[in-house]
Structures are given as C-alpha cells and as structure tokens.
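**Student:** One structure, as structure tokens, below. Some questions next.
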Amino acid sequence: MAGRVQNLKPFKPGQSGNPGGRPRKDLASIIASEVFADNSESIKAGLAKKLQHGDPAAFKALADRAFGRLPQPVEHSGIDGGPIQIVFGFDPPPWVPKNGDE
C-alpha cells in the first residue's frame, strides 16, 4: 500500500488538516489542576495519613499513579472452559427456501 498516491489530495494553501485543533481543557479540569498545584503539601500529607491507616483505595491510587496499573489477565475460552470453536458458514434465514423445498 505504501507509495499509492493517486487518491491523495493535498490541502489547499492555508487549509489545515485539523481545523478544530487540539481540544481545550474544560473549566473543571483547569480548576482541579489549580487546586492540586496550590495544595500539594496538604494533599501529600492527607494521602500519607490515609496510607498509615491502611486505606486500600489510597494505596491503589498512589501505586497505580507511581508504578502504572498492573496488567489485567484475560482468558479466552469456549463453553465450559473448553477450546473456542470457530465455525465457517451459516444457517440460512428461515425465509430462504432450503434445497428442494421450492
């Protein structure tokens, strides 16, 4: 597929390929960022206190942020844990006459 340029159309002079541009942050995001920036020490102290009291939600939030989320295992299996059966073909819909039923 590389090198196929016959269907490509260049932008007109002054035309952007992304006319909307990067989406702006909403007001709630801006306010939250400012609150965190202005109160970082008290937030740090509050989270440390929750950790000392054994709050699992605080631990998870901090661990996920610091080290990334752990990968979630996903198992793909068929009925009752057996192998997945791949079927090629289909049954015709009921309104289509079967061979010889015309």
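FYI, it's all coordinate maths here, none of it is from the lab. The structure presented is a predicted model; accordingly, all values stated were derived computationally and were not measured. Positions of Cβ are generated from backbone atoms using ideal geometry, with glycine treated the same way; all protein chains shown enter the neighbour counts.
**Student:** Would you kindly state the longest site-free stretch of the chain, with sites defined as trypsin sites (Lys or Arg not before Pro) in a DSSP loop (not H, G, I, E, B) surrounded by at most 13 other Cβ atoms within 10 Å?
**Tutor:** 26-68
**Student:** Taking the Cα atoms only, what angle lies between the long axis of helix 40-52 and the longest principal axis of the chain, rounded to 10 degrees?
**Tutor:** 80 degrees
**Student:** Where a Cα-Cα gap under 29 Å defines reach, which lysines qualify for residue 50, not counting those fewer than 8 residues away within the same chain?
**Tutor:** 60
**Student:** Could you check the spin-label model distance between residue 66 and residue 4? Points 7 Å from the Cα along Cα→Cβ, value in nm.
**Tutor:** So the two model labels end up 5.1 nm from each other.
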